[in-house]
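Written out below as structure tokens is the structure these notes cover.
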Amino acid sequence: MIHVSGLRKVYGNGVVALDGVDLDVREGEIFGVLGQSGAGKSTLLRCVNLLERPTAGTVTVDGRELTTLGQAELRRARQGIGMIHQHFALLSSRTVAGNVAFPLEVAGVPRTRRAARVRELLELVGLADKASARPAQLSGGQKQRVGIARALAAGPKVLLSDEATSALDPGTTQSILALLKRLNAELGLTIMLITHEMHVIKAICDSVAIMRDGRIAEAGTVAELVARPGSLLTREIFPLPEPAPSGTVTLTFAGRADEPVISGLVRRFEVDVNVLGGSLEELGGRTVGRLRVRLDGGDRAGALAYLRGRGVLVEEAGPEEISAESAGGTGTAEPIEAAGVVEEAR
Amino acid sequence: MNADELMPALGQATGETVQMVFWSALLTLILGLPLGVLLVIADRGGLVPVPPVKALLGGVVNVGRSLPFIVLMVAILPFTRLVTGTTIGTVAAIVPLTLGAVPFYARLVETALRGVDREVVEAAQAMGASRLRVIGRVMLPEALPGLVAGLTVTIVALIGYSAMAGAIGGGGLGDLAIRYGYQRFDTAVMVVTVVLLVVVVQVVQSVGDLVARRLSHK
């Protein structure tokens, strides 16, 4: 639905915001772009509807290559791409209904049909009673709902979300994310969102691209990336101290975290399992977990083979990593210091 | 000047002041508003960025702003004659008043428009709105309270300038105060005209504030 190829953006002051980005957003999916501020994700999103003109590369949305369109054609194409903003970007001079009507005016919808469509949209986002209120009278979550209703007014197939929940409190964020998920499911809306918050990715994204320094460092479906050894996404969702201390094993359970794998391990191979740290997450309806353990005694090789056989992703820490760590470290012998990690009892 | 003479004189002077200020304010609005819009959209990062145009207009505005009104008024006498056919009288005074107020108001318009949230302007562009629509349906309505407040300040300044316009035979309250109150030592006329000017300015400012507040939904 959105196809970005070879995208580069160099600003006048020589700053390279995008350094060759290729990206595919499939129809009907929620695609998250995750990155720190300055990673280029905002520039990327703004290039998708050409608010920002890329220096090089092409952007195709719904089969139309936007980068080749003239002004008038681009304006028409933009009517098919909704956008929501971090600070809502509502017109303070208009009522809620007036804001939602704006894109309909742009699209040339006659006044009589506008009113009905506005009512329908406000009902969709649960704000039918606020039609004549001013944006200033609304809470942040309500403002974003108006923003969403407005973005959907012209019936777009694609919704771009520019940090839409970053200015909201956690509870409101959840309700806005739930609304986006519902619109995605009910309307078949393709959503491309950018965020610096992992929980947004975890909550609603089917696919994710992680951006660093103007490039895509990693991209794929969430399920795919979680099952990929050493993926950045897994490391960020399940933060464990890196690099792993020598002799430890990091296990990633993709969708099998509810099976008694560890106790089976202990019984069959007579190894001592020390859990050093770990966490569980619900991702796309599946329970995924990551666990760092130390295995001592018994049939260690057999145990690891058994784990692999059960579909567990096994990553063994090599001995060279510990030397690198102690060389660069402060000299303390404590390998694990991060909060939330269970210390090994000696 | 006794009371029988004072009342009609005051009435006439007030009428002249209102006439001068009303017409010059209207012309200032018509000319200053587009000029202010141009200053914003032609700037780097604006809707239609043409930095040389912005620099040129900004320069012209600065020249207009730096001339003391009384100098401007005398300096443009030939132009005034060209436009109105005369250099004295209320109508002739409208020309320098307008030329003095346009750059002033244009700067106030520029400031008000720059106060419009950039994200809101971009949101409208992202919805496929044309530049004309962005200016007319987004920037100007969003800046309306500031535009009204700016116009109020401009009208008050015009009332002040109009007293100076009296010096080229423009008439009005300021002229009355100078000719009778100052030159003929008629304290009563001076006091009455000063009070009247204060009242007029107060009324204009209060109405302007009220309208601006009503329009603001921030």
Return the percentage of antiparallel bridges among DSSP beta bridges fully within chain A, rounded to the nearest 5 %. 70 percent
To test your reading of the geometry: what angle, between 0 and 90 degrees and rounded to tens, separates the Cα axis of helix B:51-66 from the longest principal axis of chain B? 20 degrees
Partners for A:Lys157 among aspartates and glutamates (Cα-Cα distance below 14 Å; same-chain residues under 8 apart left out): A:Glu27, A:Glu29, A:Asp62, A:Glu186
Have a look at B:Pro68, B:Phe185, A:Val10 and report the one farthest towards the positive end of the charge dipole of the protein assembly as shown, computed about the Cα centre with Cβ charges (Lys/Arg +1, Asp/Glu -1). B:Phe185
May I ask for the angle, rounded to the nearest 10°, between helix A:111-124 and the longest principal axis of chain A, with both axes built from Cα atoms and the value confined to 0 to 90°? 20 degrees
Cα gyration tensor of the range B:3-215, axes a ≥ b ≥ c as square roots of the eigenvalues: rounded (a/c below 1.5), prolate (a/b > b/c) or oblate? prolate
List residues of the range A:294-317, by number, whose backbone nitrogen lies under 13 Å from a label position 7 Å along Cα→C-beta of A:Glu270. A:297-300
Test item: Cα-centred dipole of the range B:93-132, Lys/Arg +1 and Asp/Glu -1 on Cβ, debye: 140 debye
Let me spell out the model: positive unit charges on the Cβ of Lys and Arg, negative unit charges on the Cβ of Asp and Glu, origin at the Cα centre of the range A:47-158. What dipole size does that give, in debye rounded to 20? 320 debye
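Report the FRET efficiency, 1/(1 + (r/R0)^6), for B:Arg81 and B:Val195, where r is their Cβ-Cβ distance and R0 is 22 Å, rounded to 0.05.
Numbers: r = 35 Å, r/R0 = 1.60.
Efficiency at R0 = 22 Å is approximately 0.05.
From the square roots a ≥ b ≥ c of the eigenvalues of the alpha-carbon gyration tensor of the range A:206-289, which class results: rounded (a/c under 1.5), prolate (a/b over b/c), or oblate? Mind showing how you got there, number by number?
On the way: a/c = 3.02, a/b = 1.66, b/c = 1.82.
Cα axes put the range A:206-289 in the oblate bin.
Using just the helices of chain B, give the 222 nm mean residue ellipticity in deg cm²/dmol: DSSP H runs with n ≥ 4 each add -39,500 (n - 2.57), and the total is spread over all residues, rounded to 500. Intermediate values should be presented prior to the final figure.
Values: 9 runs with 163 residues, N = 218.
Value at 222 nm, helices only: -25500 deg cm²/dmol.
Looking at the range B:35-96, which trypsin sites (Lys or Arg not before Pro) are DSSP coil and have at most 16 other C-beta atoms within 10 Å of their C-beta? Walk me through the numbers on the way to the answer.
On the way: sites: B:Arg44, B:Lys54, B:Arg65, B:Arg81; in loops: B:Arg44.
Answer by residue number: B:Arg44.
Place a +1 charge on the Cβ of each Lys and Arg in the protein assembly as shown and a -1 charge on the Cβ of each Asp and Glu, then give the dipole magnitude about the Cα centre in debye, rounded to the nearest 20.
So the magnitude is around 2080 debye.
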Taking the alpha-carbon centroid of each part, what is the distance from the range B:128-181 to the range A:146-196 in angstrom? 45 Å
Quick one: the Cα spread of the protein assembly as shown along its three principal axes, in angstroms, biggest first? 120, 59, 44
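Starting from the alpha-carbon convex hull of the range A:71-189, give the projected area averaged over all orientations, in nm². Show your work: numbers first, answer last.
Details: hull surface 28.7 nm².
Orientation-averaged projected area of the Cα hull: 7.2 nm².
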Rg and Dmax [Cα atoms of the range A:32-89; Å; Rg one decimal, Dmax integer]: 12.2, 35
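Every read-out reported here was derived from the displayed coordinates using simple, explicitly stated rules and does not represent laboratory data. Nothing here was measured: the structure is a model prediction, and the numbers come from that model. Glycine also receives a Cβ, built like all others from the backbone with ideal geometry; neighbour counts cover every protein chain displayed.
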